[in-house]
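Following: one structure in structure tokens, then a few remarks.
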Amino acid sequence: MENKFNYNIALIGFMGTGKSTIAACLHELYGMEVVEMDELIAKREGMSIPQIFEVHGEQYFRDLETNLLIEMQSKKNVVISCGGGVPLRECNVVEMKKNGRVVLLTAKPETIFERVKDDHNRPLLENNKTVEFIAELMESRREKYEAAADIVVHVDGLSKVEICKKIEKELAK
Ligand code: S3P
């Protein structure tokens with residue numbers, strides 16, 4: 001099923017809410033091209049995300065995110081799996097909304113913890129892997145995430161296909 005959506009879908013949400021999994025599922029179900037922001041940035045820089053943070057600092061990484069979103073404006077029917085920090089910059093939200101709809105995925109801090117506890121690719125959580133830290137960071141970002149979102153899908157207890165169907169239904173309203 002090609003070109004189901006004539007706009008881009010930007011998936012936003014905290015680390016570990018399943019943006020990459022859902023992007024892959026939207027690809028399987030609707031044939032949408034997927035842009036994995038972190039993966040593409042790491043590939044272009046020839047470094048992992050933790051290395052980029054270490055060598056160039058977080059602001060450099062954030063600028064790469066903004067530039068990539070601007071680049072995405074030339075595309076259509078693409079699902080953009082955004083890094084968790086993307087909606088924190090207002091100009092990023094403006095870019096995402098230009099020819100896209102913004103879908104916020106949310107999950108409980110406990111769910112996030114289980115998903116990220118053995119991962120070493122997220123510099124912001126590297127020495128902070130507790131439910132309390134995750135809950136606090138999530139809360140501090142909540143307002144910006146919600147302000148950016150056109151729709152919100154709470155993922156706990158849902159399968160990836162159920163989540164995709166929910167996204168499709170909500171976007172069709
Ligand atoms: C970040 C989320 C990460 C990655 C970087 C910073 C954040 O992406 O971009 O580590 O600030 O929330 P994921 O949400 O894909 O883990």
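In order along the stretch 17-31, phi translates into HN-Hα couplings of 7, x, 4, 5, 5, 6, 4, 5, 6, 5, 5, 4, 6, 10, x Hz, rounded to whole numbers, per the Karplus curve 6.51 cos²θ - 1.76 cosθ + 1.60 with θ = phi - 60° and x for Gly and Pro. Counting only aspartates and glutamates at least 8 places from LYS43 when in the same chain, those with an alpha carbon closer than 14 Å to its own are GLU65. Between TYR7 and ASN77, the built amide H atoms are under 5 Å apart, and every one of these is 5 or more places off in sequence or on another chain.
Near LYS19, which lysines are there with a Cα under 18 Å away, not counting those fewer than 8 places off in the same chain? Cα-Cα hits under 18 Å: LYS97, LYS108, LYS117, LYS144, LYS160, LYS165, LYS166, LYS169. Comparing ALA135, ALA24, ALA148 in a Gaussian network model of the chain where C-alpha atoms under 10 Å apart are linked, the largest mean-square fluctuation is found at ALA135. Under 5 Å between amide hydrogens, built in the peptide plane, is the criterion, and for VAL35 it picks out VAL79, ILE80, SER81 among residues at least 5 positions away or on other chains.
Taken together, the values in this text are just the output of simple stated rules run on the coordinates, not laboratory data. Note that this is a predicted model, so its numbers are computed, not measured.
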